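What follows is one structure encoded as structure tokens, with my remarks underneath.
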Amino acid sequence: MKRLISFLLLLFLSACTIAVVETPSVNLSNSTPTAVPENQVTLRSLADRKDFGIGAAVALGPLRRDRTYSQVLAGEFNQIMPENAMKFQALQPERDRFNFKGADDIVDFANEHNMKMFGHTLVWQRGLADWLKAGDWTREELIEILRNHIQTVVSRYRGRIYAWDVVNEALDTDSSLRELIWSRGIGPEYIELSYRWAHEADPNAKLFYNEYDPGGWGAQSGQKVDALYRLVADLKERNVPLDGVGLQMHLRLDDAPTYEGLKQSLERLAELDLQIQITETDVRMGYQGEPSPEQLQQQASIYKDLIQACLDVPKCTGFWFWGFTDRYTWVSSFMGQSGAPLIFDQYYRPKPAYDAIAQAIQAATR
Ligand code: 9MR
């Protein structure tokens, strides 16, 4: 009897240990993890029929240790990009010593599941390695560091990455060129040089410029769209190898572009004969507890407007979520609140926003 009690106690304690190691910061008691059954209608199956890209940013930790995460990812999306694994800091933590482990895992996952792989991001002012930030570099040294980084990374994945975010967020909130390490040290021509180096390293990869706008992309925020238009039009005029523009959508419920406003912006950019993708979408709620049914509907209707505007402009070839489940989102770590910004809840249950997106893709006439 005593031995049975000790055995049961041991069993109980090891179960607790497993729970402590495996359980993320959410309560799993409601969890209903399910694989996506074959033949089930998913965003991916709907988008494939329309030759439309539906994508999600991937976080390496969950990809490696949460099976439900990888199953839902492979079932629902036909293109992925790494949330952080291809940033400068991750790829070149020490000067000229590259670490491709994390990035390779994501590229392999994309290949195994027949998904398109989008690289994010070669040139940004954040996500930089400490050695780079700490250095006092001459212009020539910075040019060499940037060229070497871009060409080493792009050639490694030549043929396996269909598109790259080459330069990310070069414009400031006031639409001027950001004062950051590359523009300060090299001058505004760092942008053009980056595209030329990337193109040399993989002439077939599609090269994108990706921009954020906290004010939204509605008609009312024309200034940032104007600046973006001028920036990319100028690059095109000078025959810089630029193929596409990404518009980031990190939004709040009370700060989202309208369907009309966004469509106008997309049409305008499309005049430049570039493809466009809506990138990094998440729509957060300012709350600490469970979202109300009204908030969930409001969120669904914003997602619907965004994807509808993209689906209605032929040059808009893809739509991205910045993650896909509320279980793992940068919003919780950055804003100190969950925000529930994505289309699956923390238990991988599709939210009203998921249904809205699915219906929009299904009904699209493209
Ligand atoms: O979601 C990303 C977060 O985990 C990183 O700490 C942060 C800094 O590297 O970058 C976040 O992703 C950003 C993306 O790469 C570029 N556009 C804005 C995104 C949210 O900040």
Considering every pair of different Cα atoms, what Kirkwood radius, in Å, is found for region 44-171?
15.6 Å
Restricting to lysines and to Cα separations under 21 Å from residue 351, and discarding same-chain partners fewer than 8 apart, the set is 304
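With Cβ to Cβ distances under 14 Å as the rule, what net charge do the other residues near residue 117 carry (K, R +1; D, E -1)? Intermediate values should be presented prior to the final figure.
Values: positive: 116, 156, 158, 160, 206; negative: 83, 104, 105, 108, 112, 165, 202.
Spelling it out: positives minus negatives among the neighbours equals -2.
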Around residue 281, which amide H atoms from residues at least 5 apart in sequence, or from another chain, sit under 5 Å from its own amide H, with H modelled in the peptide plane?
249, 320, 321, 322
Provide the per-residue ³J(HN,Hα) series for region 98-107, in order, calculated from phi with Karplus coefficients 6.51, -1.76, 1.60 and θ = phi - 60°, each as a whole number of Hz, with x at glycine and proline positions.
8, 10, 9, 4, x, 4, 4, 4, 6, 5
Counted neighbours (other Cβ, 10 Å), sorted fewest up, put 131, 322 in the order 131, 322
Pairs to check: 87/116; 50/315; 50/116; 206/315; 263/315; 133/236. Give those whose C-alpha atoms are more than 21 Å from each other in this structure.
133/236
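In deg cm²/dmol, rounded to 500, what helix-only [θ] at 222 nm does the chain give when every DSSP H run of at least 4 residues adds -39500 (n - 2.57) and the total is split over its residues?
Values: 15 runs with 166 residues, N = 366.
Result for the chain, helices only: -14000 deg cm²/dmol.
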Leading residue at positive end of dipole, the chain (Cβ point charges), from 164, 55, 42:
42
List 320, 164, 182 from most exposed to least, where exposure is judged by having the fewest other Cβ atoms within 10 Å.
182, 320, 164
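Arrange the following residues from fewest to most other Cβ atoms within 10 Å of their Cβ: 351, 236. Let's see the in-between values first.
Details: 351 20, 236 15.
With the sparsest Cβ surroundings first, the list reads 236, 351.
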Tally Lys and Arg at +1 and Asp and Glu at -1 over the other residues with C-beta under 13 Å from the C-beta of residue 174: what net charge comes out?
-2
Which one of 283, 354, 235 has its Cα pushed farthest toward the positive end of the charge dipole of region 211-366, where Lys and Arg give +1 and Asp and Glu give -1 at the Cβ?
354
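Can you bin region 160-219 into rounded, prolate or oblate? Criterion: square roots of the alpha carbon gyration tensor eigenvalues sorted a ≥ b ≥ c, rounded for a/c under 1.5, prolate for a/b above b/c, oblate for the rest.
The shape class here is oblate.
Bear in mind that the values in this text are calculations on the coordinates, not laboratory data. These numbers were taken from a predicted model, which means no experiment stands behind them. Cβ coordinates were reconstructed from backbone atoms using ideal geometry, including for glycine residues, and neighbour counts include every protein chain displayed.
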